[in-house]
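Chemist: Once you've had a glance at the structure underneath, I'll fire off some questions.
Derivation of every value follows stated rules applied to the coordinates shown; laboratory data play no part. Treat the numbers as computed from the prediction; the structure is a model and nothing was measured. We place every Cβ from the backbone using ideal geometry, glycine too, and count neighbours over all the protein chains shown.
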Amino acid sequence: MYQVGNLVKELSDKHGRVRESLMPILQDIVQKHNYLTDEAMVEVARELDISAAEVYGTASFYTFLDTQVKGKYVIRVCKTITCSMKGKSEIIQTLEDMLKIKPGETTGDGQFSLIETNCIGWCHKAPAILINELPYTELTPEKVSEIIKDYMQK
């Protein structure tokens with residue numbers, strides 16, 4: 001476990017101790033440690049002199065600010081109407097079959113988490129997923145299968 005107080009202090013020094021620094025600080029914590037602990041959110045509130053409820057409300061509103069431990073590879077499946085119309089359900093089914101998990105779950109080995117999320121910005125090339133920060137677009141069940149097999153070998 002990382003030293004929450006030191007990290008939050010360092011990030012507050014970097015981004016500032018004003019309300020507008022909340023998002024960059026939370027994003028940096030997630031980038032460095034994969035998710036936000038309750039302790040980290042309380043420390044951020046203390047550093048920025050805002051309520052812990054406001055920090056948690058912000059963190060829980062944004063899909064990319066995870067507040068639970070996630071797998072090494074976080075697969076975010078776009079659930080917009082565009083992706084749905086272009087075959088998102090087949091993509092989800094393929095992922096569920098391969099990983100043996102449902103959306104919102106993480107594999108037992110901690111390698112993969114599967115999440116349905118609002119728009120990831122690739123609707124023009126639907127259906128789309130993000131694996132961590134990397135987008136995959138114009139997917140078919142076959143393409144998804146190959147992508148996941150590659151990740152399983154890493």
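Chemist: List the GluC sites (Glu not before Pro) in segment 93-130 that DSSP assigns to loop (not H, G, I, E or B) and whose Cβ has at most 12 other Cβ atoms within 10 Å. Which are they?
Modeler: none
Chemist: Can you sort Arg19, Arg46, Arg76 so the residue with the fewest Cβ neighbours within 10 Å comes first? Can you show the working numbers first?
Modeler: Working: Arg19 12, Arg46 15, Arg76 22.
Ascending number of Cβ neighbours within 10 Å: Arg19, Arg46, Arg76.
Chemist: Straight distance only, please: which lysines reach the Cα of Lys88 with their own Cα at less than 20 Å, same-chain residues fewer than 8 apart left out?
Modeler: Hits, sequence-local ones excluded: Lys79, Lys100, Lys102, Lys125, Lys143, Lys149.
Chemist: When P(r) over Cα pairs in 5 Å bins from 0, in percent is calculated directly from the model, which label among (i) 2, 9, 18, 19, 15, 13, 11, 8, 5, 1, 0; (ii) 2, 9, 17, 21, 19, 13, 8, 5, 3, 2, 1, 1, 0; (iii) 2, 10, 21, 23, 21, 13, 7, 3, 1, 0 fits?
Modeler: (i)
Chemist: Can you give the FRET efficiency for Asp13 and Glu146, using 1/(1 + (r/R0)^6), R0 = 41 Å, r = Cβ-Cβ distance, to the nearest 0.05?
Modeler: Details: r = 44 Å, r/R0 = 1.08.
For Asp13 and Glu146, the calculated efficiency is 0.40.
Chemist: Same structure, new question: So if we plug the beta-carbon distance of Cys123 and Lys154 into 1/(1 + (r/R0)^6) with R0 = 35 Å, what FRET efficiency do we get, rounded to 0.05?
Modeler: Taking R0 as 35 Å, the efficiency between Cys123 and Lys154 is 0.80.
Chemist: If the cut-off is 20 Å between C-alpha atoms, which aspartates and glutamates fall inside it for Lys86, apart from same-chain ones fewer than 8 positions away?
Modeler: Once the sequence-local aspartates and glutamates are set aside, what remains near Lys86 is Glu96, Asp97, Glu116, Glu138, Glu142, Glu146.
Chemist: For an R0 of 41 angstrom, estimate the FRET efficiency from the Cβ-Cβ distance between Ile50 and Glu138 and round to the nearest 0.05. Numbers along the way, then the final one.
Modeler: On the way: r = 42 Å, r/R0 = 1.02.
E(calc), rounded to 0.05, equals 0.45.
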